[in-house]
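What follows is a single structure, written as structure tokens, with notes after it.
The values are calculated or read from the model by the stated rules, or taken from the named source; none is laboratory data. Keep in mind that this is a model prediction, so the values were computed, not measured. Cβ placement follows ideal geometry from the backbone for every residue including glycine, while neighbour counts extend to all protein chains displayed.
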Amino acid sequence: MSNTSKAGTSKAGEDKRAESSAGVFSEQERAALKARSTELKEEARDGRGAKKAAKDEAAVLSKIAEMESPDRELAARVHDIVTAAAPELAPKLWYGQPAYARDGEVVCFFRSGQVDKERYSTFGFSVAAALDEDGGMWPTSYALTGLDKAGEAAIAELVKKALR
């Protein structure tokens, strides 16, 4: 009897662990992790240089073109703003989304709200961004549903500040 109850308890415990581990990452998170794994393999294979930079930018522009409206227009505008404000940043894909890196390290990125199944897209900064000069609290990402002239200017200024 104790073997049966132990086996039953063990089986139930295994089922609960299997259920909880299966729900750790959402479908979108698993897709992003898979995309990042592919990106890392391509980076290791492609090395560095002008050819790689051109390939990375083409991949970013292709990803933006694949997005549905209005994220496509937002991402294209962010791309234009970032590359104009900080030409030293190299476009690249990061978790399957557009990002901009200095010396291979991502400084800022765009996340499509539609891809992430969120109600807004995000423009954010990684830990490589130098935005923490003004104290102990600073924003690391911004919700985007549209961009006016003030928003465009704010992104350009933040990107410049992030590189100081």
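Considered as a group, the residues in the stretch 106-126 that are surrounded by fewer than 22 Cβ atoms within 10 Å (Cβ to Cβ) and of a type in the set (S, T, N, Q) include one that is farthest from Lys161 (Cα to Cα), and that residue is Gln114. Evaluated against (1) loosely packed, with under 10 Cβ neighbours inside 10 Å; (2) at pLDDT below 85; (3) closer than 21 Å to Val115 by Cα, Thr4 falls short on exactly one condition, (3). So, in the stretch 146-156, of the ones that are surrounded by 12 or more Cβ atoms within 10 Å (Cβ to Cβ) and either touching a Lys or Arg at 6+ places or on another chain (Cβ under 8 Å) or of a type in the set (D, E, K, R) (or both), which residue ends up farthest from Pro70 (Cα to Cα)? Among those that are surrounded by 12 or more Cβ atoms within 10 Å (Cβ to Cβ) and either touching a Lys or Arg at 6+ places or on another chain (Cβ under 8 Å) or of a type in the set (D, E, K, R) (or both), it is Glu152. Take the residues in the stretch 56-110 that are among the polar types (S, T, N, Q) and within 19 Å of Thr38 (Cβ to Cβ), then tell me which one is nearest to the chain's Cα centre (by Cα). Among residues in the stretch 56-110 that are among the polar types (S, T, N, Q) and within 19 Å of Thr38 (Cβ to Cβ), the one nearest to the chain's Cα centre (by Cα) is Gln97. The set of residues from the stretch 132-160 being modelled with pLDDT of 95 or more, within 19 Å of Glu105 (Cα to Cα) and out of contact with any helix residue (DSSP H, G or I) (no Cβ under 6 Å at 6 or more places or on another chain) comprises Ser141, Leu158. Does Ala22 count as out of contact with any Phe, Trp or Tyr (no Cβ under 8 Å at 6 or more places or on another chain), over 24 Å from Lys160 (Cβ atoms) and at pLDDT 85 or above? So Ala22 fails the test. Apart from one condition, Asp103 fits all of (1) farther than 18 Å from Ala162 by Cβ; (2) at pLDDT below 95; the exception is (1). Residue pairs whose Cβ atoms lie under 6 Å apart, sitting 6 or more positions apart in sequence or on different chains, and linking a residue in the stretch 60-74 that is modelled with pLDDT under 95 to a partner that is among the polar types (S, T, N, Q) and assigned to a helix (DSSP H, G or I), do not occur here. Inspection of the stretch 36-50 finds no residue satisfying the criterion of being touching a residue at least 12 places away in the same chain (Cβ under 8 Å) and within 25 Å of Lys161 (Cβ to Cβ). In the stretch 37-59, how many are at pLDDT 75 or above and surrounded by 13 or more Cβ atoms within 10 Å (Cβ to Cβ)? Adding up the residues that qualify gives 6. Does Leu163 satisfy the condition of being buried (at least 20 other Cβ atoms within 10 Å of the Cβ), of a type outside the set (Gly, Ala, Ser) and over 20 Å from Lys34 (Cα atoms)? Criteria not met by Leu163.
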